[in-house]
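Inspection log for the structure reproduced underneath, given as structure tokens.
The values are calculated or read from the model by the stated rules, or taken from the named source; none is laboratory data. Predicted model, so just to flag it, every value in this text is computed and none were measured. Glycine also receives a Cβ, built like all others from the backbone with ideal geometry; neighbour counts cover every protein chain displayed. Side chains included, ligands, DNA and RNA excluded: accessible areas come from the protein's heavy atoms. Shrake-Rupley method; radii C 1.70, N 1.55, O 1.52, S 1.80 Å.
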Amino acid sequence: MSSRPADLLIARAVRRGGPWLAALTATALLGAAADLMLPAALGRAVDAVVRTQAGPEAGFGLTGPLTTAALLVALVVACDALGVLAAGVSGARAAQWLRSRVVAHTLSVGAGMTRHFTAGEIVTRAGVNVEEAGRTPEAVVTAATLIIPAVGSVVALALIDPWLAVTLVAGLLLIVAVLRAFMRRTTAASGGYQQAQGEIAAMLVGALAGARTITAAGTEDLEAARVLAPLPRLRAHGLALWRLQARAGVQAAVVIPLLEIAVLAVGGLRLSAGGLTVGELLAAARYVVLGAGLGSALGYAARIARARSAARRLEQLFAVPPPAYGDRPLPPGPGTLELRDVTVRADGVRLLSGVSLVVPGGTCTAVVGRSGSGKSSLAAVAGRLVDPERGTVLLDGVPLREISREPLRRAVGYAFERPALFGDTLGEAVAFGLAARDDAGKRSADTVRSADAVRAAAGAARADAFIRRLPLGYATPAGDAPMSGGEIQRVGLARAFAQAGRLLILDDAMSSLDTVTERQVGRALTGSLSDRTRLVVAHRVTTAAQADQVVWLDNGRVRATGTHERLWDDPGYRAVFRAEEAS
């Protein structure tokens, strides 16, 4: 991946430091200027001390140089203190901006993001990598300001004696060569280290999701070994980073003392020849130390290298485009859903192939098929959780791609096998997604559903009764409610029932319900919810039997459509349900 997008991302993050970035820059520049003036002030103070030894009358000129030197020292200390504060705040602001962008983009892409990256990888990039990239403002500003003392030292030495400046420039060129090589190699090594970190996080997230299965099987040691399999690579990349830093540090440690010795040797010769005063030699010694301070940019170069590598990983997330919505409103209609020659592919595997079907508005359609036949893929494209590779999906005659986001999401409600409950309470979990917010951040009256509507949806999902039995009812914190898998599914169903304006899609959303509850929910689907189009991924005969029509999928294609009674005469159709029951 090209480093240019990552560098542009870093530049934008640096600018998000706001006023604190300006404060960091100002203190760094002021501190660098004070550092540059301090050697000259000290040199004048030494010359003044030497003059006092020549006669008492010369002592009157000593106070000014000493006061100037003391004020410059105080200014350097103040700039350092304020710079530390500004660096921390500007870095936090940069990290906040980056993390907000990563989270917002990831959620806007939605299910498409998890097709490219695992959950652990996404969390690692939004966490560790954002923090590394967020430290960029301090590293960039401090490293940049180190150039000022180096250039200023060359100029100052040129004013004292040109030969001293030539000697310093030769040494600085060697230091710059060391820094460039270090930066290039560290960026590459950091990328490998961060990649191994992401792989460990991804496997750990997967292991935590199956923690009960691992414990029941007694395979903790095997899973720990699997999760930590990238650890040797992580160690190798970490050692490589330390070796690079150690090698560059040794090179700088050799060059800097030799540079100082060379400048002092030249200065000593000029002093013996009468071309320099003692104060000028002291100033020259200080300037060479100040100029050689460019070598201290090694640590900041390492931070910038890690930040660039982290920014590349963040840019890989941003490279996954979110779905583009149109600007067409949904016309009035019954919710007729139509798929025309729809093909869906993921990771090179064809999940749906040339699917064409019509779900009439206000009807209930059951989608059946063996495991892997494409049922969930059909449910995903029906409400535009994913876009087909080829073909068109239409709702009331309008292609889903052309509908603006808010009308589409108000029209379609989804329920899943494992619903995630958002909101502080169970009532908010059912109402999640219903309340839009206006520009002032307040709930808009025309989009907020009443508590009665939420309870009606919960009643249709057979969730109202058990929620009311809880001590706090609908005000019960969602995380504290003692719910079974079937009860969680009922809350998810209630949320979908409340949200769906004209199209309701149930993707295996009743698999954990007992037979009696499933029949009750099925009666609601054909009764109180019959004003909406219903697309139900079904695994049980009872659900298929209650539908107006059945779509039978086989290996990503529509094998047959019709009523359950008509399809039941086909032995292959009956075998689908026997296979589901066996699984």
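Between a first residue in the stretch 313-333 that is among the aromatic types (Phe, Trp, Tyr) and open to solvent by 40 Å² or more (accessible area, probe 1.4 Å) and a second residue that is part of a loop (DSSP other than H, G, I, E, B) and modelled with pLDDT of 90 or more, which pairs have beta carbons less than 8 Å apart while being 6 or more apart in sequence or on different chains?
Close Cβ pairs satisfying both conditions: Tyr325/Ser404.
Has the stretch 149-167 got any residue that is acidic (Asp, Glu), over 29 Å from the mean Cα position of the chain (by Cα) and either over 24 Å from Tyr193 (Cβ atoms) or crowded, with 16+ Cβ neighbours inside 10 Å (or both)?
yes
Taking only the stretch 259-282 into account, find how many residues are in contact with a helix residue (DSSP H, G or I) (Cβ under 9 Å, 6 or more places away or on another chain), small (Gly, Ala, Ser) and modelled with pLDDT of 75 or more.
Adding up the residues that qualify gives 5.
Against the condition touching a helix residue (DSSP H, G or I) at 6+ places or on another chain (Cβ under 8 Å) and either over 20 Å from Ala119 (Cβ atoms) or of a type in the set (Asp, Glu) (or both), how does Ile214 come out, does it pass?
no
Only one of (1) within 25 Å of the chain's Cα centre (by Cα); (2) among the aliphatic types (A, V, I, L, M); (3) over 30 Å from Leu157 (Cβ atoms) fails for Met183. Which number is that?
The number of the failed condition is (3).
So Thr365 ticks every box in (1) under 35 Å from the mean Cα position of the chain (by Cα); (2) surrounded by 16 or more Cβ atoms within 10 Å (Cβ to Cβ); (3) of a type in the set (Ser, Thr, Tyr) but one. Which box is left unticked?
Answer for Thr365: the failing condition is (1).
Are any residues in the stretch 459-479 open to solvent by 60 Å² or more (accessible area, probe 1.4 Å), farther than 11 Å from Gly423 by Cα and part of a loop (DSSP other than H, G, I, E, B), and if so, which ones?
If the condition is that a residue be open to solvent by 60 Å² or more (accessible area, probe 1.4 Å), farther than 11 Å from Gly423 by Cα and part of a loop (DSSP other than H, G, I, E, B), then Arg462, Pro471, Leu472 are the ones that fit.
Looking at (1) crowded, with 18+ Cβ neighbours inside 10 Å; (2) under 29 Å from Asp424 (Cα atoms); (3) within 35 Å of the chain's Cα centre (by Cα), which is the only condition Pro482 fails?
Here Pro482 clears every test but (1).
Here is a check on your reading of the model: is Val521 over 37 Å from the mean Cα position of the chain (by Cα), without any contact (Cβ under 8 Å) to a residue 12 or more places away in the chain, over 23 Å from Val398 (Cβ atoms) and in a helix (DSSP H, G or I)?
no
Give the residues of the stretch 402-436 that are part of a helix (DSSP H, G or I), open to solvent by 70 Å² or more (accessible area, probe 1.4 Å) and in contact with a strand residue (DSSP E or B) (Cβ under 8 Å, 6 or more places away or on another chain), sorted by residue number.
Within the stretch 402-436, just Glu402 meets the criteria.
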